[in-house]
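The structure appears right after this line, and notes come after that.
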Amino acid sequence: MRRDALTGLALIALGIGVVIESWRMPRFEHLGINPYTVPGIVPGILGAVLALFGTVMLSRTAVAWRRGNEVPPVAGEDEPGSTPRLLLTLILTVGYGGFLVGALPFWLATFLFVLAFLLVFEWRPEFRRAGRRAALVTYASTSLLQAVLVAAAVTFVFQRVFLVTLP
């Protein structure tokens, strides 16, 4: 429960920091730019949502403390193997943002990230057993299709909706 309170506070602080920094980004008023396309709008919205979720988490913990109850666990929390999965998520995410984006075209970096994420986290040990070839083919082809669709959709949204020039 203490971990939830600290996480909530951290999310609130991070969200507020993102909102403040996005507010400080240039707005290009002198160029007559549409206010809905300024660079800080998406990070600002994401920061506000992050702060909101941190507030919800902190409120949930505070209510549980007042009642003398423990906060019910979130699905997957403290399950065996959750820490290695968290670390693997961190490695994949940092690898994507820190190494793939910029080194490869954005759509390809996103495709590889989503594909790796799906292949790692949707894997089931029963795919190895004899007679599970059809399940393995379905798993691989579904992951491949999802990665293609997500990469295309994310690239389209950033380029056409948010008007962001991608690396």
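No value in this document is a laboratory result; all are computed from the given coordinates. Keep in mind it's a predicted model, so treat the numbers as computed, not measured. Every residue, glycine among them, receives a Cβ derived from its backbone with ideal geometry; neighbour counts consider all protein chains shown.
A simple charge model with +1 on the Cβ of Lys and Arg, -1 on the Cβ of Asp and Glu and nothing else charged puts the dipole of the stretch 1-72 at about 280 debye relative to its Cα centre. Which FRET efficiency value, to the nearest 0.05, do you get for Arg24 and Phe156 by plugging their Cβ-Cβ distance into 1/(1 + (r/R0)^6) with R0 = 41 Å? It comes to 0.90. Ratio of Rg to Rh for the stretch 1-72: 1.23 [Cα atoms; Kirkwood radius as inverse mean 1/r over pairs].
Based on the Kirkwood radius over alpha-carbon pairs, what is the Stokes-Einstein translational diffusion coefficient of the chain at 37 °C with 0.692 mPa s viscosity, in µm²/s?
Working: Rh = 19.3 Å.
Rounded, D is 170 µm²/s.
Of the residues Gly54, Thr89, Leu136, the one whose Cα sits farthest toward the positive end of the charge dipole of the chain, with +1 on the Cβ of Lys and Arg and -1 on the Cβ of Asp and Glu, is Leu136. With each label modelled as a point 7 angstrom along the Cα→C-beta vector, the Thr37-Thr93 pair spans 3.1 nm. Structural descriptor for the chain: relative contact order 20 percent, calculated from alpha carbon pairs under 8 angstrom and at least 6 residues apart.
Evaluate the relative contact order of the stretch 94-167 (contact order divided by residue number), counting alpha-carbon pairs under 8 angstrom at least 6 apart; express in whole percent.
On the way: 48 pairs, mean separation 30.2, N = 74.
Averaging sequence separation for qualifying contacts and normalising by length gives 41 percent for the stretch 94-167.
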